[in-house]
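J.: For reference, the structure I am asking about is given below.
The values are calculated or read from the model by the stated rules, or taken from the named source; none is laboratory data. All values reported here derive from a predicted model rather than from experimental measurement. No Cβ is skipped: glycine too gets one built from the backbone with ideal geometry, and neighbour counts run over all protein chains shown.
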Amino acid sequence: MSGGAAGARKGEGVYNVVVVGAGTAGLVTAAGTAGLGGRVALVERDRMGGDCLNTGCVPSKALIASARAAHVTRHGSRWGLRDREPDFAFEDVMDRVRERRAALAPNDSQERFEALGVDVFRGAARFVSPHEVAVGDVRLRGAHVVIATGSRAVLPPVEGLAEARPYTNETIFDELRARPDGLLILGGGPIGCELGQAFARLGVRVTIVEMSERILEKEDPDVADVVRRALEADGVRLILGGKARRVKRLAGRVQMEISHAAGDVALQAEALLVAAGRAPNLEGLALEAAGVSFTHKGVTVDRHLRTSRRHIWAVGDVTGGPQFTHVADHHARVVVRNILFPRLLSSVDTSVLPWCTFTAPEVGRVGMSAGEAVKAGVEHDVWIQPLAEVDRAVVEGESEGFAKVVTEKGGDRILGAAVVAERGGDLVHEVVVAMKGGLGLKDLSGTIHAYPTFAEAARRAADRYQKSRLTPRARALFSWLYRRARRA
Ligand SMILES: Cc1cc2nc3c(=O)[nH]c(=O)nc-3n(C[C@H](O)[C@H](O)[C@H](O)COP(=O)(O)OP(=O)(O)OC[C@H]3O[C@@H](n4cnc5c(N)ncnc54)[C@H](O)[C@@H]3O)c2cc1C
């Protein structure tokens with residue numbers, strides 16, 4: 001019998017919701033619907049947990065944690081200790097990555113979801129009609145279907161690249177065991193920078209090849225520049241403005257030919273990682289059979305996450321929007337509500353959307369950057385507080401970076417922020433809450449912050465705004481008041 005609300009056998013009868021894909025978006029949809037008493041089928045063709053658990057956030061952050069420990073050991077003298085080359089086996093670090101992942105895997109497991117009352121089916125799903133999805137010989141019928149098939153790494157059209165069998169995020173955490181003699185990374189976006197720095201800190205000679213003139217292209221240049229300096233200090237070689245032309249596999253090594261304004265180069269390394277963009281997983285779903293519209297960017301959805309068929313929804317990376325686990329989670333919650341209350345449709349609200357690039361220092365971001373404000377023609381002010389003037393950062397020896405807050409011109413309404421700092425991804429949430437709650441820089445400045453903390457960075461950026469409001473006229477008035485008080 002199904003663990004769901006109705007009495008039908010597993011796979012038989014009608015499900016309230018058939019969910020395709022058991023990554024964050026699919027799991028949250030399935031758990032939310034089952035928790036409210038709905039009958040749910042969940043289909044997964046690969047590992048439960050999707051990208052985040054298996055090949056994305058979790059293994060990458062586990063790797064970064066080991067890299068950080070190696071870095072601290074190597075630079076002990078910054079804290080009055082001795083610099084020592086960390087003594088470790090690369091294989092142990094990669095084992096730990098998988099072991100940390102295994103520690104979290106039970107949360108997303110088939111057993112857990114079955115215990116929640118969800119019918120789990122393993123295999124690739126494809127539409128056979130608007131209300132039916134086939135998994136092998138089983139046909140699942142759903143009043144609603146939720147497409148949560150995620151995205152995958154794209155190999156750019158470079159001659160010989162596919163044949164060279166490069167690593168992507170889908171393979172590197174499982175297949176890379178011994179320390180490679182050199183790692184080439186194609187792509188200087190968040191994934192390339194996070195992994196490049198981590199592997200460099202773990203003793204790998206890393207070269208990142210990036211087509212544009214700077215890394216982290218979506219960030220303001222001053223933000224990306226702090227990360228660039230940090231990567232270079234960790235020994236990462238950056239080839240910016242370099243376009244990969246051809247890749248060849250030579251006995252145990254990979255060679256990449258790159259064209260560059262300063263002259264073409266050919267680089268060799270034992271391993272190659274491609275982190276050069278993502279594409280939605282649509283192939284094999286037979287969306288035509290259901291009449292669902294899509295583009296190369298993903299399934300087309302409205303603000304309620306409805307596709308071109310009213311009873312079919314799409315959530316997470318496959319919609320082609322911002323590709324983050326917390327967005328997948330938000331989408332799923334919206335769809336669970338919308339399926340239950342079709343007359344009271346909720347909309348996606350990513351007006352205050354934080355994210356983080358987990359380099360060291362981290363880049364915690366929310367809302368508009370200064371560059372985006374310029375592009376959108378939004379008049380704005382920028383308030384920057386360098387960490388070099390934040391006492392806690394100075395005593396910790398972590399004073400590279402800054403808090404940068406973008407406000408509407410002449411006012412204190414916050415449009416966005418970047419916190420480039422150790423744990424910047426955590427620190428930015430003060431600004432996230434302020435934006436969500438409609439608080440401005442005056443409120444941040446007027447809030448007592450514990451001393452000495454990194455969190456003072458955002459408050460001191462807010463103080464800068466407050467000081468800017470002290471006009472020469474007001475200052476003259478205050479001086480007069482002080483003079484009068486001295487005479488009294
Ligand atoms: C290296 C890396 C690091 C990242 N780090 C972060 C981070 O730190 N923070 C963050 O917020 N985000 C991070 N992300 C992004 C995050 O992983 C994704 O945004 C998130 O996993 C999207 O969830 P999803 O459910 O939409 O898709 P996925 O997690 O991709 O899940 C989709 C699932 O659908 C399955 N599927 C596909 N097609 C079918 C089919 N036809 N039938 C059955 N099953 C199917 C897939 O096998 C997969 O399990 C990272 C991504 C990468 C690659």
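J.: State which residue is nearest to the ligand (Cβ to nearest atom) when the search covers only region 305-320 and only residues that are surrounded by fewer than 20 Cβ atoms within 10 Å (Cβ to Cβ) and farther than 15 Å from residue 18 by Cα. Spell out how you get there, then give the answer.
T.: Quick first cut of region 305-320, residues surrounded by fewer than 20 Cβ atoms within 10 Å (Cβ to Cβ) only: 306, 308-311, 320.
Then keep just the ones that are farther than 15 Å from residue 18 by Cα; that gives 308, 320.
Working: 308: 18, 320: 11 Å.
The selected residue is 320.
J.: Follow-up. Quick test of your reading of the structure: residue 197 fulfils all but one of (1) polar (S, T, N, Q); (2) under 25 Å from residue 245 (Cβ atoms); (3) crowded, with 24+ Cβ neighbours inside 10 Å. Name the failing condition by number.
T.: Among (1) polar (S, T, N, Q); (2) under 25 Å from residue 245 (Cβ atoms); (3) crowded, with 24+ Cβ neighbours inside 10 Å, the lone unmet condition for residue 197 is (2).
J.: Conditions first: (1) crowded, with 22+ Cβ neighbours inside 10 Å; (2) closer than 22 Å to residue 357 by Cα. Residue 145 passes all but one, so which condition is the exception?
T.: All conditions pass for residue 145, except number (2).
J.: Then there's this: Does residue 423 satisfy the criteria of being on the phi > 0 side of the Ramachandran plot and either modelled with pLDDT under 95 or out of contact with any Gly (no Cβ under 7 Å at 6 or more places or on another chain) (or both)?
T.: Working: on the phi > 0 side of the Ramachandran plot: yes; either modelled with pLDDT under 95 or out of contact with any Gly (no Cβ under 7 Å at 6 or more places or on another chain) (or both): yes.
In short, yes.
J.: Can you pull out the residues in region 362-398 that are under 24 Å from the mean Cα position of the chain (by Cα) and of a type in the set (S, T, N, Q)?
T.: Once the filter is applied, which keeps residues that are under 24 Å from the mean Cα position of the chain (by Cα) and of a type in the set (S, T, N, Q), region 362-398 yields only 369.
J.: Would you kindly identify the helices (runs of 4 or more DSSP H) lying entirely within region 403-474 that contain at least 1 residues that are closer than 24 Å to residue 68 by Cα and touching a strand residue (DSSP E or B) at 6+ places or on another chain (Cβ under 7 Å)? So that I can check it myself, show each step before the final result.
T.: Details: elements: 424-427, 429-436, 441-445, 456-468.
Counting at least 1 such residues, we get 424-427, 429-436, 456-468.
J.: Would you say residue 181 is surrounded by fewer than 16 Cβ atoms within 10 Å (Cβ to Cβ) and more than 12 Å from residue 276 (Cβ to Cβ)? Don't jump to the end; show me each part of the working.
T.: Details: surrounded by fewer than 16 Cβ atoms within 10 Å (Cβ to Cβ): yes; more than 12 Å from residue 276 (Cβ to Cβ): yes.
Considered against the rule, which asks whether it is surrounded by fewer than 16 Cβ atoms within 10 Å (Cβ to Cβ) and more than 12 Å from residue 276 (Cβ to Cβ), residue 181 comes out as yes.
J.: May I pose another question? Does residue 66 count as within 23 Å of the chain's Cα centre (by Cα), more than 14 Å from the ligand (Cβ to nearest atom) and closer than 30 Å to residue 235 by Cβ?
T.: Numbers: within 23 Å of the chain's Cα centre (by Cα): yes; more than 14 Å from the ligand (Cβ to nearest atom): yes; closer than 30 Å to residue 235 by Cβ: yes.
Yes.
J.: With the condition kept exactly as written, say whether any residue in region 270-284 is away from the ligand (no atom under 16 Å from the Cβ) and modelled with pLDDT of 95 or more. Show your work before the answer.
T.: As a first pass, look at region 270-284 and keep what is away from the ligand (no atom under 16 Å from the Cβ): 270.
With modelled with pLDDT of 95 or more added as a condition, the list becomes 270.
Yes, the conditions are met somewhere in region 270-284.
J.: Taking the condition surrounded by fewer than 16 Cβ atoms within 10 Å (Cβ to Cβ) and in contact with a Leu (Cβ under 8 Å, 6 or more places away or on another chain), does residue 433 pass? Spell out the reasoning first.
T.: Working: surrounded by fewer than 16 Cβ atoms within 10 Å (Cβ to Cβ): yes; in contact with a Leu (Cβ under 8 Å, 6 or more places away or on another chain): yes.
Yes.
J.: Continuing with this model, one more query. Could you please find all residues in region 321-341 being part of a loop (DSSP other than H, G, I, E, B) and either within 11 Å of the ligand (Cβ to nearest atom) or at pLDDT below 95 (or both)?
T.: 321, 322, 323, 324
J.: State which residue is nearest to residue 359 (Cα to Cα) when the search covers only region 42-57 and only residues that are within 7 Å of the ligand (Cβ to nearest atom) and in a strand (DSSP E or B).
T.: Here the residue is 44.
J.: Still on this model: Taking region 275-334 as the region of interest, how many residues are within 21 Å of residue 154 (Cβ to Cβ) and of a type in the set (D, E, K, R)?
T.: Total meeting the criteria: 4.
J.: Right, next: Pairs needed: first member in region 276-303, farther than 22 Å from residue 332 by Cβ and aliphatic (A, V, I, L, M); second member anywhere, within 12 Å of the ligand (Cβ to nearest atom) and assigned to a strand (DSSP E or B); C-beta distance under 6 Å; at least 6 residues apart or different chains.
T.: If the second residue must be within 12 Å of the ligand (Cβ to nearest atom) and assigned to a strand (DSSP E or B), the pairs left are 286/126; 286/127; 289/127.
J.: Mind checking which residues of region 126-154 are aliphatic (A, V, I, L, M) and more than 14 Å from the ligand (Cβ to nearest atom)? Walk me through it before giving the result.
T.: Pass one, region 126-154, residues aliphatic (A, V, I, L, M): 128, 133-135, 138, 140, 143, 145-148, 153-154.
Residue satisfying the conditions is 143 alone.
J.: Right, here's the next one. Scan region 117-133 and tell me whether some residue there is more than 30 Å from residue 313 (Cβ to Cβ) and surrounded by 15 or more Cβ atoms within 10 Å (Cβ to Cβ). Outline the logic, then answer.
T.: Step one: list which residues in region 117-133 are more than 30 Å from residue 313 (Cβ to Cβ), which gives none.
No, there is no match, as no residue in region 117-133 is more than 30 Å from residue 313 (Cβ to Cβ) and surrounded by 15 or more Cβ atoms within 10 Å (Cβ to Cβ).
J.: Next up: Taking region 183-204 on its own, how many of its residues are of a type outside the set (A, V, I, L, M, F, W, C) and under 22 Å from residue 95 (Cβ atoms)?
T.: Residues of region 183-204 that are of a type outside the set (A, V, I, L, M, F, W, C), as a first pass: 187-190, 192, 194, 196-197, 201, 203.
Retained after the next criterion (residues that are under 22 Å from residue 95 (Cβ atoms)): 194, 196-197, 201, 203.
Within region 183-204, residues that are of a type outside the set (A, V, I, L, M, F, W, C) and under 22 Å from residue 95 (Cβ atoms) number 5.
J.: Could we say that residue 176 is more than 14 Å from the ligand (Cβ to nearest atom) and touching a strand residue (DSSP E or B) at 6+ places or on another chain (Cβ under 9 Å) here?
T.: Numbers: more than 14 Å from the ligand (Cβ to nearest atom): no; touching a strand residue (DSSP E or B) at 6+ places or on another chain (Cβ under 9 Å): yes.
For residue 176, the condition - more than 14 Å from the ligand (Cβ to nearest atom) and touching a strand residue (DSSP E or B) at 6+ places or on another chain (Cβ under 9 Å) - is not met.
J.: Which residue is farthest from the ligand (Cβ to nearest atom), if the candidates are limited to region 15-31 and must be surrounded by fewer than 24 Cβ atoms within 10 Å (Cβ to Cβ) and under 17 Å from residue 326 (Cβ atoms)?
T.: Ranking the qualifying residues of region 15-31, first place goes to 31.
J.: Of everything in region 362-395, what is touching a residue at least 40 places away in the same chain (Cβ under 8 Å) and part of a helix (DSSP H, G or I)? Give them in sequence order.
T.: First, pick out the residues of region 362-395 that are touching a residue at least 40 places away in the same chain (Cβ under 8 Å): 362-373, 381, 383-385, 387, 389-393, 395.
Scanning region 362-395 gives 370, 371, 372, 373, 387, 389, 391, 392, 393, 395.
J.: How many residues are more than 26 Å from the chain's Cα centre (by Cα), assigned to a helix (DSSP H, G or I) and hydrophobic (A, V, I, L, M, F, W, C) when one looks only at region 29-41?
T.: Filtering region 29-41 for residues more than 26 Å from the chain's Cα centre (by Cα) gives 34-41.
Narrowing the set further to residues that are assigned to a helix (DSSP H, G or I) leaves 34-35.
Filter once more, keeping what is hydrophobic (A, V, I, L, M, F, W, C): 34.
So the count comes out to 1.
J.: Can I ask one more? Could we say that residue 184 is within 13 Å of the ligand (Cβ to nearest atom), not in a loop (DSSP other than H, G, I, E, B) and not acidic (Asp, Glu) here? Can you show your working first?
T.: Values: within 13 Å of the ligand (Cβ to nearest atom): no; not in a loop (DSSP other than H, G, I, E, B): yes; not acidic (Asp, Glu): yes.
Taking the combined requirement at face value, the residue does not satisfy it.
J.: Same structure again: Has region 188-209 got at least one residue that is over 16 Å from residue 67 (Cα atoms), aliphatic (A, V, I, L, M), over 18 Å from the mean Cα position of the chain (by Cα) and not in a helix (DSSP H, G or I)?
T.: Taking region 188-209 and keeping what is over 16 Å from residue 67 (Cα atoms), we get 188-190, 207-209.
Those still in the list that are aliphatic (A, V, I, L, M) too: 208-209.
Those still in the list that are over 18 Å from the mean Cα position of the chain (by Cα) too: 208-209.
Among the residues that remain, those that are also not in a helix (DSSP H, G or I) are: 208-209.
Taking every residue of region 188-209 in turn, at least one turns out to be over 16 Å from residue 67 (Cα atoms), aliphatic (A, V, I, L, M), over 18 Å from the mean Cα position of the chain (by Cα) and not in a helix (DSSP H, G or I).
J.: Right, something else. How many of the residues making up region 337-359 are of a type in the set (A, V, I, L, M), touching a helix residue (DSSP H, G or I) at 6+ places or on another chain (Cβ under 6 Å) and crowded, with 16+ Cβ neighbours inside 10 Å?
T.: Going residue by residue through region 337-359, those that are of a type in the set (A, V, I, L, M) are 339-340, 344-345, 348, 352-353.
Then drop every residue that is not touching a helix residue (DSSP H, G or I) at 6+ places or on another chain (Cβ under 6 Å), which leaves 345, 348, 352.
Going one step further and asking which of them are crowded, with 16+ Cβ neighbours inside 10 Å, we end up with 348, 352.
Result for region 337-359: 2.
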